[in-house]
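The values are calculated or read from the model by the stated rules, or taken from the named source; none is laboratory data. Treat the numbers as computed from the prediction; the structure is a model and nothing was measured. Please note: Cβ atoms are built from the backbone with ideal geometry, for glycine as well, and neighbour counts cover all protein chains shown.
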Amino acid sequence: MSILGVYNPIDIEVDHGDGVYIYSSDGTRYLDFTSGIGVTSLGHSHPVLINALKVQAEKIWHCSNLFKITNQKKVADKIVKNSFASSVFFCNSGSEATETSIKAARKFFFEKGEKKKNRIITFEGAFHGRTIASLFAANNPDHTQGFEPRVDGFDQVPFGDHSALEKAINSNTAAIMVETILGEGGIRPLPVECLQGLRKLCNEKKILLILDEVQCGIGRTGKLFAFEWAKIKPDIVPIAKGIGGGFPLGACLMEKKVANAMTPGSHGSTFGGNPLSMAVASSVLDHILSKEFLDNVIEVGEYLKNQILEKIIKKFPKLVKGIRGKGLMLGIEAIEKNEILIKELINQKILVVKAGQNVIRMLPPLILEKKHVDEAIIKIDKAFGEINERH
Ligand SMILES: Cc1ncc(COP(=O)(O)O)c(C=O)c1O
């Protein structure tokens, strides 16, 4: 096998995409509720993004951070203007962004002279990426097995266990790192009060709050960042996926005191913030930052959630029991095995992706309209109807 066997792709060869649809090489059209795992935020082949990439491709592709890249400042300025951050570091993926967050938290305390304050508290069920540190940060045995020795520096507590969290904080703790909505772990949002509690706890203990928004950020919940729903400000936020609209791009946002600790030479990336990714990201942000765009995510997201509740959950109580999530990051809680349901959904030409806790994850492009939701409901109804009959 010429491709390393770490994936197990379904038997659909993708030919091209258009808006919320993907077309396979045999011409079949699929309604795409995966967005390439939360990436193609403006849908496939968006004309503005194609144009941004074409124009940039004719200018320059790569020059490295040895030089100033015009669009890089433009994109960073847009993020800073619309967030808690004072500075942004660009990289190429979510894993690199979470790794940067870990480094920044440690460096912050190092620069303060508190060199032993370097441990990070994480939660069971988390996912922060596949690089060696992000892997052991999340500490999912399915992912870490065979990759020992473990990377030290992380203390893990059960998700939602407040007293375990408080007990885990000690004089060596630098930060708490958590996804604002657990994605791979089953679309589990942290309730607003929890996020506010975490902020308060970090303030009291004088430690940093890292909110991983690689999957839930950049408009997915109807706000630029999911933590905005709780009206709090984190200290460090890794992002990726949606910001590039399909072009590989990650970033780490830092509050001023943290950013000040990251001095020249302390971190870097050959490709991070390259002209091509910056040209695309600038256009992606222009769209997502409009109130109209975000309001549409909220409205269509609520419509999708309600339609599934009314027309699917109530109708198929033997197969599914609920729906959770926010905006266009939703998870149907399955009773029947999620793999079986997902297989049948794909047969009905709607693409979804599994998540932990037996969940069917839906991450449609953020340009989704109510008519697409209606189409999805017909397909889901058909798929679940087929399986129901077999029971
Ligand atoms: C919350 C979260 N963090 C980090 C990552 C890692 O991102 P990447 O696969 O781009 O390295 C992911 C990817 O799914 C994610 O969902």
Within segment 225-243, the count of residues that are more than 10 Å from the chain's Cα centre (by Cα), of a type in the set (A, V, I, L, M) and assigned to a loop (DSSP other than H, G, I, E, B) comes to 1
For segment 44-75 the number of residues that are of a type outside the set (V, I, T), closer than 24 Å to E228 by Cα and touching a residue at least 24 places away in the same chain (Cβ under 8 Å) is 1
Among the residues of segment 270-280, is there at least one that is in contact with a His (Cβ under 6 Å, 6 or more places away or on another chain), at pLDDT 95 or above and in a loop (DSSP other than H, G, I, E, B)?
-> yes
Could you tell me whether any residue of segment 197-205 is touching an Asp or Glu at 6+ places or on another chain (Cβ under 8 Å) and within 12 Å of the ligand (Cβ to nearest atom)?
-> no
Filtered residues of segment 94-120 (kept if within 16 Å of the ligand (Cβ to nearest atom) and either of a type in the set (K, R) or under 16 Å from K205 (Cα atoms) (or both)) = K103, A105, I120
All conditions in (1) touching a strand residue (DSSP E or B) at 6+ places or on another chain (Cβ under 6 Å); (2) farther than 19 Å from V214 by Cβ; (3) crowded, with 23+ Cβ neighbours inside 10 Å are true of L304 except (1)
